[in-house]
Amino acid sequence: MQLILAMQLGDLLPWLHGYGGLLLQGVWRTIYVGLAGYAVGLIIGLSLALWASMGGSWARRGIYFYSAMLRALPELILIMLLYYICGDAVTWLFALLGFGHIEVDGPVAFPVLKGVPEEADLQRLSVMMCDPQRPTTIVPGRGNHRRWEFMLLPGEDDAEMMQPEQVARLVAPYLETVPHRIVRASTYRFHGLVAEQWQDGAVFLAGDAAHQTPPFFGQGMCHGFRDVANLAWKMAAIVQKGADSAILDTYQPERDAHVRSVIGAAVGAGRYICELDPAKAAVRDAQFRAAAKQAAPETAADLIPAIQTGIVHTGTSGAGERFIQSRIGDRLLDDVTGGGWRLFVHGAPVQHDPSDVTIAYCDDLADAGAVRDWLTTRGVKSVLVRPDHYVFGTTQDNGISLLNARCAALGLTQNIHMEIA
């Protein structure tokens, strides 16, 4: 069950849920923004007309300009300008008229949690409480938005649990003394699904159309981004560089294993987070604590395996891995070197400079030696990184062999000869 507590204006349809409610809420917002735009325009026009009638030359010029502006700009643009530029003012105005809102004003209360690091700010972190009485997740959102997710227990009815009194009972331990307003309450059921076929000719499935991921680890939308990134650079290589269209056939083989790995881990996480047996939950907690003392910290990205097949130079150290994102001053490595093909070299310069590959030398990167250390750890001198930030391959030379292997993998005829200064 998902509850969203938010600072939001105009949600006057709390009894509607799903797409119908969202549609009607959008209609309501359009109406009140339009009325506000009309009211502001009317006030400005009347004010200028009154001033002009009193003989002010600047007023007459102003009303001429205002009339010309109204004729030149569609009303929709004026409404959108009012909505996006004067949103706070409109919200304040409606609050004065009695259509106000209540934000989550103050810190949310948490039960006593053991072992939380002192530097951890629970008000800003996503918190999953594996309570066998009712597993709960709390996620901070934009501004004062906050989302609670409560597991529905066996025998509980969806419609009944969405009733205001039931919702108030669930959030009371966290918000009993905090002003708030419940914007939306809905139920949903998650599952892990992967399509058998992601491509049919020139038609591709990506994102939720190709796979659906349980919410644990927060990787659902990330999968979609990775899908599109995988397809985009390959399509660009075909259209702009004349690469073989067969490279699109590597899309599903490269992405499928990633998706299945994360979905499998998320399903497993759901099983232990949603454990309702107190005895089994106690065993799980003891295992968690023991593992936390020995294991290095991990993120959801650590669940993603290296690409094993497709456009990778298999057999070379690090091939298929996600490349690192080091910092260069206050900028990220990608911002400095760009997002296309990148060859990072530690050693002799490359004399041939392919137009669609950025060549960066470790000694020139002020990244505290991060890229150089990555190469050293894998015992290589050069790494070629794909446009979607996965490693194509590595080599002991200055990268010429990688550039040739890349051309072969893409079906390009260009061949580069090694030439070391």
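Taking a ≥ b ≥ c as the square roots of the eigenvalues of the Cα gyration tensor of segment 205-303, is the shape rounded (a/c under 1.5), prolate (a/b larger than b/c) or oblate? It comes out prolate by the Cα gyration axes.
Under 28 Å of direct C-alpha separation, and excluding same-chain neighbours fewer than eight residues apart, residue 114 reaches these lysines: 280, 293.
If you take the square roots of the eigenvalues of the alpha-carbon gyration tensor of segment 286-329 and sort them as a ≥ b ≥ c, do you get rounded (a/c under 1.5), prolate (a/b over b/c) or oblate? It is oblate, given that a/c is not under 1.5 and a/b is not larger than b/c. When a/c reaches 1.5 or more, the comparison of a/b and b/c decides; with that in mind, is segment 120-161 rounded, prolate or oblate per its Cα gyration tensor? Oblate shape, in that a/c is at least 1.5 and b/c is the bigger or equal ratio. The dipole here belongs to segment 205-303: it is taken about the Cα centre, uses +1 on the Cβ of Lys and Arg and -1 on the Cβ of Asp and Glu, and is about 220 debye.
Here's the list of lysines a cross-link from residue 241 could span, going by alpha-carbon distance under 29 Å and ignoring same-chain residues fewer than 8 apart: 381.
Values quoted throughout were computed directly from the atomic coordinates according to the rules given, and no laboratory measurement underlies them. This is a predicted model, so every value here is computed, not measured. Cβ: placed from backbone, ideal geometry, glycine included. Neighbour counts: every protein chain shown.
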